[in-house]
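The structure appears below as structure tokens.
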Amino acid sequence: MIKNLCLSILLMTAMYSILSAQDKSSVYLSNHTFSKENNVIGTVSLHGSEAKFKLKGDNAKRFALKGKQLSIRKKYIEADTKWYDLSIEAQTESGVFEETFRLVKDDFHKNSVIAHRGAWKNTGASENSISALQHAVRLGCQGSEFDVHMTLDSGLIVNHDPAFKGKTIHNTSFAELKQLKLSNGENMPGLEEYLAEGMKQNSTKLILELKPTINKERAIQSARKVYEMVKNRKAQAWIDYISFDYNICMELMRLDPHARVAYLNGDKSPDLLAADKLWGLDYNQNVFQKNPEWIEQAKAKGLTINAWTVNDPKLLQWFLDQKIDFITTNEPELLLKMIGK
């Protein structure tokens, strides 16, 4: 027993050392979009240390780095441009680190409409399916929300409930779950293919809800796995994160201090969220009806505000009148019509 305990401690220490080393070598970018109206993209930094930065790759000439501020040269913002990939090298006393980012032209809609689990209710698509995402994009929604679980073998699968067709996700392999059919005949999508589909366009954001799991350790692991996949796919410009699990929210922000992370559970005031530097609060409609003062408090603290899942026309109009940032709904067609889009 003592031997096993010592082994566990050694493994945890080794994992912490690896994670610390990864953190120190992480090049961060505070934003990943540009537009004709604003060619300044954001600031470049390296976790925990000072560095000299250098732009690299075929697209380096299209960008400029003044101090730590990255911008795109205006002549390269063309009508048919969707994005450019850019490598940024950080030179430090301890070594040279490099990261490649996808910098995306900001043609994302600003209409506040978030399609809940994609646009499925009025389209015949299955919830959380690739086709539901495609319908949300075609409708012109600002965002399409979807749900992610971690499988037994640490795969990442897109589904709302913790079980599907009698299979509990955290106890089932990724390959086995991928074979299961949704109601419209599609296979259950993995996160990687969902990101690949969403990144074909730059008009609708991908609102990634990372689901709570069986314990804190699994929750932290799932946050790291999701972060690594988003980073490796260079999908940061598309992704807003949401979760009911505060540990997941905090871990995502630890991994990337510029990640857009909103909390779902509705049990924390705007003051608490602002103190922890979250991007926003994403609460059930009933929470805002019971605490209407939280809307103005959140605005005062610079937090984004989303209400879910609002389907009733009167409540949709009430939230529109409150001028909150986003409304998540199963009726995106109705809400788009109400705002005149």
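The values are calculated or read from the model by the stated rules, or taken from the named source; none is laboratory data. Note that the coordinates shown come from a computational prediction; the quantities given were computed from them, not determined experimentally. Ideal geometry is used to build each Cβ from the backbone, glycine not excepted, and the neighbour counts take in all protein chains shown. All accessible areas refer to the heavy atoms of the entire protein, side chains included, with ligands and DNA or RNA removed. Shrake-Rupley method; radii C 1.70, N 1.55, O 1.52, S 1.80 Å.
What to note about this one:
- T213 passes every criterion in (1) crowded, with 19+ Cβ neighbours inside 10 Å; (2) at positive phi apart from (2).
- Candidates A274, A262, filtered to the one that is open to solvent by 10 Å² or more (accessible area, probe 1.4 Å) and among the hydrophobic types (A, V, I, L, M, F, W, C): A274
- Checking each residue in the stretch 30-86 for being among the hydrophobic types (A, V, I, L, M, F, W, C) and either in contact with a Cys (Cβ under 9 Å, 6 or more places away or on another chain) or part of a loop (DSSP other than H, G, I, E, B) (or both) picks out A51, I77, A79.
- Of everything in the stretch 135-165 that is outside any loop (DSSP other than H, G, I, E, B) and charged (D, E, K, R), the residue that is most open to solvent (accessible area, probe 1.4 Å) is R138.
- For the residues S144, S71, S126, the requirement of being more than 25 Å from I41 (Cβ to Cβ) and in contact with a Leu (Cβ under 9 Å, 6 or more places away or on another chain) singles out S126.
- Residues in the stretch 228-253 that are in contact (Cβ under 8 Å) with a residue 24 or more places away in the chain and farther than 23 Å from F326 by Cα were compared, and the one that is surrounded by the fewest Cβ atoms within 10 Å (Cβ to Cβ) is N247.
- Condition met for A298 (open to solvent by 20 Å² or more (accessible area, probe 1.4 Å) and small (G, A, S)): no
- Among residues of the stretch 194-217 that are within 16 Å of W83 (Cα to Cα) and assigned to a helix (DSSP H, G or I), those with a beta-carbon under 8 Å from a residue that is open to solvent by 40 Å² or more (accessible area, probe 1.4 Å) and of a type in the set (D, E, K, R) at least six positions away or on a different chain give the pairs L195/R233; A196/R233.
- When each of N39, N59 is tested for being touching a residue at least 24 places away in the same chain (Cβ under 8 Å) and either out of contact with any helix residue (DSSP H, G or I) (no Cβ under 8 Å at 6 or more places or on another chain) or among the hydrophobic types (A, V, I, L, M, F, W, C) (or both), the lone residue that passes is N59.
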